[in-house]
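A quick write-up on the structure given underneath.
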Amino acid sequence: MKLCRFGEPGAEKPGLIDHNGDLRDLSNEVADIGNEALSDMSLDILSKVDAMQLPLVEGPVRYGPCVANVGKFLCIGLNFSDHAAETGAAIPEHPIVFHKATSSIIGANDDVVMPRGSTRSDWEVELGVVIGTTAKYVSEDDALNHVAGYCIVNDVSERHFQTQLSGQWTKGKSCDTFGPIGPWLVTRDEVGDPQNLAMSCEVNGKRMQTGNTNTMIFTVAQCISHLSGLMTLHPGDVITTGTPPGVGMGIKPNPVYLKVGDVMELSIDKLGSQRQEVKIDD
């Protein structure tokens, strides 16, 4: 299933994309896409709903974040071997973990607004993993059973804030609007193997990132297992699993960063696409 949330910020309704690619209103079936609605039992019930009998949503709509009330927004850094190489970083022995503030989360096609003083804002297409059932001390073999589904994440990053303001990467990752997720949450049965998904990012129509999740250093299952040994993962938590090469900071000899008016377009196999226009805070 392709689940989504649509409508104005703060007033999103749950939706479903039918086999024709049309948006259907799920409001009569579920209150929202989050928390208990992400369990295997709830998803199984939704999968039995006749989508063609649901109200059709016509006309242009805003897609909100595909998950409501995200509890933790966890990120895995330097998780693609080819991306680590372009940044000159060593291959990590264990997953590098940092947080993005949940206040950074926006819809897939909402504007990205660079913070005041930003000069090094950058793009990162990433595979997002949405937890569906509580996970604590889970094995790699069992890890994917705790996944509700997958989505696209743009891990927008302000590199000066990230690397020069002393301390955690979180400073450059958590700015308002720096966490577009969606447009859809695609359930794990429909995605299949998360380690064979092509992914790309274009800026102003120029391909900047081309990659595949098969070059991850730590697989989705390994990331979930590792994190679940450090903290309990709850339904609605989102894990974003790293980016392939082609980020602006990695361009040689002169890095390229976002500017006002730029347009980012991101895509991952089976998960749809995102599009954001770049603006800046006054």
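The values are calculated or read from the model by the stated rules, or taken from the named source; none is laboratory data. Bear in mind that the values here come from a model prediction, so they are computed numbers and not experimental data. No Cβ is skipped: glycine too gets one built from the backbone with ideal geometry, and neighbour counts run over all protein chains shown.
Observations
- For the stretch 40-72, filtering for residues that are closer than 22 Å to GLY10 by Cβ and touching a His at 6+ places or on another chain (Cβ under 8 Å) leaves 2.
- Per the listing THR87, THR119, the residue uniquely in contact with a Gly (Cβ under 7 Å, 6 or more places away or on another chain), more than 25 Å from ALA37 (Cβ to Cβ) and either modelled with pLDDT under 95 or assigned by TED's automatic domain parsing to the domain that holds ILE217 (or both) is THR87.
- The stretch 69-98: number of residues that are on the phi > 0 side of the Ramachandran plot and surrounded by 15 or more Cβ atoms within 10 Å (Cβ to Cβ): 1
- Options LEU258, LEU230: the member that is closer than 18 Å to PRO95 by Cβ and of a type in the set (A, V, I, L, M): LEU230
- Matching residues, the stretch 129-155, being over 16 Å from ASP44 (Cβ atoms) and not in a strand (DSSP E or B): THR134, LYS136, TYR137, VAL138, SER139, GLU140, ASP141, ASP142, ALA143, LEU144, ASP155
- Flag for ALA101 being in contact with a helix residue (DSSP H, G or I) (Cβ under 9 Å, 6 or more places away or on another chain), exposed (fewer than 14 other Cβ atoms within 10 Å of the Cβ) and among the hydrophobic types (A, V, I, L, M, F, W, C): no
- Condition check for ASN79: of a type outside the set (Ser, Thr, Tyr), closer than 30 Å to ILE251 by Cα and modelled with pLDDT of 95 or more: yes
- Yes/no for ASP110 being assigned to a loop (DSSP other than H, G, I, E, B), among the acidic types (Asp, Glu) and in the same structural domain as VAL220 (by TED's automatic domain parsing): yes
- Residue count for the stretch 254-270 satisfying the condition of being in contact with a Lys or Arg (Cβ under 9 Å, 6 or more places away or on another chain) and surrounded by 17 or more Cβ atoms within 10 Å (Cβ to Cβ): 5.
- Test for GLN168: is it farther than 17 Å from THR102 by Cβ, of a type outside the set (Val, Ile, Thr) and modelled with pLDDT under 95: no
- Selection count where residues are assigned to a loop (DSSP other than H, G, I, E, B), aliphatic (A, V, I, L, M) and within 14 Å of SER47 (Cα to Cα), scope the stretch 9-32: 2
- Members of the stretch 94-123 that are out of contact with any strand residue (DSSP E or B) (no Cβ under 6 Å at 6 or more places or on another chain) and either within 19 Å of ILE239 (Cβ to Cβ) or among the polar types (S, T, N, Q) (or both): HIS94, VAL97, HIS99, ALA101, SER103, THR119
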